[in-house]
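Student: A single structure is presented below for examination.
The values are calculated or read from the model by the stated rules, or taken from the named source; none is laboratory data. Bear in mind that the values here come from a model prediction, so they are computed numbers and not experimental data. In this analysis, Cβ positions are derived from the backbone assuming ideal geometry, glycine residues included, and neighbour counts consider all displayed protein chains. Ligands, DNA and RNA are excluded from the accessible area calculation, which covers all protein heavy atoms including side chains. Shrake-Rupley method; radii C 1.70, N 1.55, O 1.52, S 1.80 Å.
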Amino acid sequence: MSHQEAGKEKESPVEKGYRTPGLRGAQTTTLFRAVNPELFIKPNKPVMVFGLVTITLCVGYLGYLHAMKENDQQLYEAIDSEGERYMRRKTSKWD
């Protein structure tokens, strides 16, 4: 073995006492792991991206429906007490 190879072995994470990051290396109960799986499962980037896109599309669609509802309030022709005609939006008794 050369001097460089011996140095590489000394730098390995196992020999320096490094632990796995997060709670994966901690002593926990099975119940704690079952209730909090997100602390022990490695993050899955494609699933995260899919979820973010899905939530964004859902919120955008709800905003679109709200905007269309406000723009689609039906108008009708009303006549006031003086006999003049004017356009008025339909209202609900609940408004």
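Student: Apply 1/(1 + (r/R0)^6) to the Cβ-Cβ distance of Ile55 and Thr29, taking R0 = 30 Å, and write down the FRET efficiency to the nearest 0.05.
Tutor: It comes out at approximately 0.40.
Student: Please compute the length gained on full extension between Thr91 and Asn44, using 0.36 nm multiplied by the number of residues separating them and subtracting their Cα-Cα distance.
Tutor: 12.0 nm
Student: In addition: Pop out the ³J(HN,Hα) list for region 26-42 in order, Karplus 6.51 cos²θ - 1.76 cosθ + 1.60 with θ = phi - 60°, rounded to Hz; leave Gly and Pro as x.
Tutor: Each residue's phi maps through the Karplus curve to give 7, 7, 9, 8, 5, 4, 4, 5, 6, 7, 10, x, 5, 7, 10, 8, 5 Hz.
Student: Same structure again: Quick check for you: with a 1.4 Å probe and neighbouring chains kept, what is the accessible area per residue of region 40-84, in Å²?
Tutor: Computed with neighbouring chains in place, this is 93 Å² per residue.
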